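S.K.: Have a look at the structure that comes next, please.
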Amino acid sequence: MSNAPQKITNPILPGFNPDPSICRVGDDYYIATSTFEWFPGVQIHHSKDLKHWRLVTRPLTRPEQLDMRGNPDSCGIWAPCLTHADGRFWLVYTDVKRKDGSFKDAHNYIVTAPAIEGPWSDPVYANSSGFDPSLFHDDDGRKWFLNMIWDHRAGFNSFTGIALQEYDPVGERLTGPISNIFKGTPLGLTEGPHVYKRDGWYYLLTAEGGTGYDHAVTLARSRQLDGPYELHPDAHVVTSRFDPDNPVQRAGHGDIVETRTGETYMVHLMGRPRLGQNRCQMGREAAIQKCAWDADGWLRLAAGGMAPELEVDGPDLPAHPFPEDPVRHDFDTADLPPVFQWLRTPYPERLFSLTGRPGHLRLYGRESIGSCFEQALVARRQTHYGYEAETLVDFQPDTIQQAAGLIAYYGRCQFYCLAIAGDDDLGRVLTLYSFPGGAPDANMQEPLDAPVRIPESGPVAMKVTVEDMALRFWFRTEGTDWQRIGPAFDATVLADEASGRGAHGNFTGAFVGMLAMDMSGRARPADFDYFSYRNLT
């Protein structure tokens, strides 16, 4: 019996979940999203109805697959592509080692698995000519690798087109000639290619306009895979660039899926800026739009026009919700709860342990918050504009170079942190660290007039709240009530656009979590009894 279509509200994957790539296997839908410098690499969510989603795996877990130590902020995993063919899942991804300036060092790889949970193979190296790779499985059995081409030369278009080359799955290598099949539209910054075949046409979907407020999904088609490609009559299928009041902004970087009954949906990147501000604290999120193939053979939004909708009609499928994530984690299992990630390194045993002190997450103090190599920072995504996060930390510093506590984090130069630290005169203290954007060589701020002295031993409860655009810290020691500490900070600093380089500078999103530093090199441990995250919106 048919079910009445349900409404889907965007974003479908709230918080930092950019560059969505979608595929269907039977009645199951999977979306892969970029994770940049956060480890393990690539988030894959699963759905039965395109409305309700659950995180099912992060497949890049081993040093052989991914090692991002030394990668700058917003490098690492860019724009994965997830497909299914020949009874296997195929995941293509980029590990970006440099993004600033004229050069992009971007290495592309392919991994496969018989099931979405794995086991995922060691990577096959593909190329390094550009980023945003994808794999197209043609109906004649041949496979084709695509990526944007980067041109480093001064005076040339750095986004110089879309490369196409055949992939040999037996030899596990790219083979044959390389073609530049599409140079894009005047909007420029052509990237994120995906190819589909329908009614004898090859359709090429790309992202254009950059990942900021001019972002768009562009469509072209050809009778031959290697072109020439004719442009969609409207050029773009989805964009918010002409609709500045739309709550769904930065719409672009899309991928298409069809249901069993032939309904067509597009997932795409989006952002939710604060009213009156172009700052998206949740970073770039994943959205969905219902589409339709018109009589002229072109894809368009089912609602008409190019502007994305906040609420769309879902497919004619039974609702399939998943259990909600718990508000509180007590660290009483052998594995880190899946909501958490850490930064860069494939060697988490050097950062944390769930057995060193049973019932606690033990962080081993490593390098500073500003390091690109080994930070003991375990955090989860901010997924609401208002939230409260709380933890209980037991930490005994014996030097000024050791600190541990609660951090609201975007990047090495965008964070707020409440920490237990050592002080030569006062002993064990609470202090605040603030780095509200700017260059990496700028100085971190310490907003308190003086550190707050606390008892020489015992755990300290810490809390951070974000309400409206204000971020505040709180603390309490045993037998005391919650006390505010420090000023109300600007929560919108934890956004792509606050980096000083606009939405094109940084690409992740706000996190909140736990941190331990020991710049003396002695790996002083900090024990976190629990972590909770509660929606306040």
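All of the numbers you see were taken from the coordinates with simple rules; none came from a lab. Just so you know, these numbers come straight off a predicted model, no measurement behind them. Note: ideal-geometry Cβ built from the backbone for every residue, glycine included; neighbour counts use all protein chains shown.
S.K.: Please sort by residue number the chymotrypsin sites (Phe, Trp or Tyr not before Pro) in the range 144-229 whose DSSP state is loop and whose Cβ has at most 14 other Cβ atoms within 10 Å.
M.R.: F156
S.K.: Which residues in the range 354-385 place their backbone N less than 13 Å from a point set 7 Å from the Cα of A334 along the Cα-to-Cβ direction?
M.R.: Residues passing the 13 Å test: 354-355.
S.K.: Moving to a separate point now. Please list, or write none, the lysines whose alpha carbon is within less than 18 Å of the alpha carbon of K143, excluding same-chain residues fewer than 8 places away.
M.R.: K197
S.K.: Can you sort V429, V493 by how many other beta carbons sit within 10 Å, fewest first?
M.R.: Working: V429 20, V493 24.
Listed from fewest to most nearby Cβ atoms, that is V429, V493.
S.K.: Work out, step by step, the length gained on full extension between D105 and D27: first 0.36 nm times the residue separation, then minus their alpha carbon distance; give nm to one decimal.
M.R.: Values: separation 78, 0.36 × 78 = 28.08 nm, distance 3.81 nm.
Stretched out fully, the D105 to D27 stretch lengthens by 24.3 nm.
S.K.: Out of the GluC sites (Glu not before Pro) in the range 434-537, which ones are loop residues according to DSSP with at most 15 other C-beta atoms within 10 Å?
M.R.: E456, E478
S.K.: Counting other Cβ atoms within 10 Å of each Cβ, which GluC sites (Glu not before Pro) in the range 312-408 have at most 13 and sit in a DSSP loop?
M.R.: E324
S.K.: So for the range 18-263, Kirkwood radius off the Cα pairs, Stokes-Einstein at 10 °C and 1.306 mPa s: how many µm² s⁻¹? Show your work: numbers first, answer last.
M.R.: On the way: Rh = 18.3 Å.
Reported coefficient: 87 µm²/s.
S.K.: Need one word for the range 328-535: rounded, prolate or oblate. Basis is the Cα gyration tensor (sqrt eigenvalues a ≥ b ≥ c); a/c below 1.5 gives rounded, then a/b vs b/c decides.
M.R.: Rounded, because the longest to shortest axis ratio a/c is under 1.5.
S.K.: Moving on to the next point. For semi-axes √(5λ) of the Cα gyration tensor in Å, several values are listed as (i) 41, 28, 18; (ii) 41, 29, 24; (iii) 41, 24, 22; flag the one computed from this structure.
M.R.: Label (iii) holds the value from this structure.
S.K.: Here is a further query. On a C-alpha basis, how far is the centre of the range 195-245 from the centre of the range 107-162 in Å? Whole number, if you could?
M.R.: Cα centroid to Cα centroid, the span is 18 Å.
S.K.: Please give the Cα centre distance for the range 305-352 versus the range 472-537, rounded to the nearest Å.
M.R.: Each part reduced to its Cα centre gives a spacing of 19 Å.
S.K.: Return the lysines within reach of K7: Cα separation strictly under 28 angstrom, same-chain partners fewer than 8 residues apart disregarded; answer none if there are no such residues.
M.R.: K48, K51, K290
S.K.: With a ≥ b ≥ c the root eigenvalues of the C-alpha gyration tensor of the range 374-468, is it rounded (a/c under 1.5), prolate (a/b larger than b/c) or oblate?
M.R.: oblate
S.K.: Let me ask you something else. Report the gain in length on full extension from D138 to Q483: 0.36 nm times residue separation, minus Cα-Cα distance, nm rounded to one decimal.
M.R.: Taking D138 through Q483 to full extension adds about 118.0 nm, to one decimal.
S.K.: Starting from the Cα of R350, step 7 Å toward the Cβ, then list every residue of the range 518-537 with an amide N under 17 Å from that point.
M.R.: Answer for the range 518-537: 518-525.
S.K.: What distance in nm lies between label points placed 7 Å from Cα along the C-beta direction at D468 and L275?
M.R.: Inter-label distance under the simple model: 1.2 nm.
S.K.: Could I ask something else about it? Could I have the simple spin-label model distance between V170 and T399, label points 7 Å from Cα toward Cβ, reported in nm to one decimal?
M.R.: Those two pseudo-labels are separated by 6.0 nm.
S.K.: So between T537 and H84, what do we pick up on full extension, going 0.36 nm a residue minus the alpha carbon distance?
M.R.: So the chain would gain 159.3 nm between T537 and H84.
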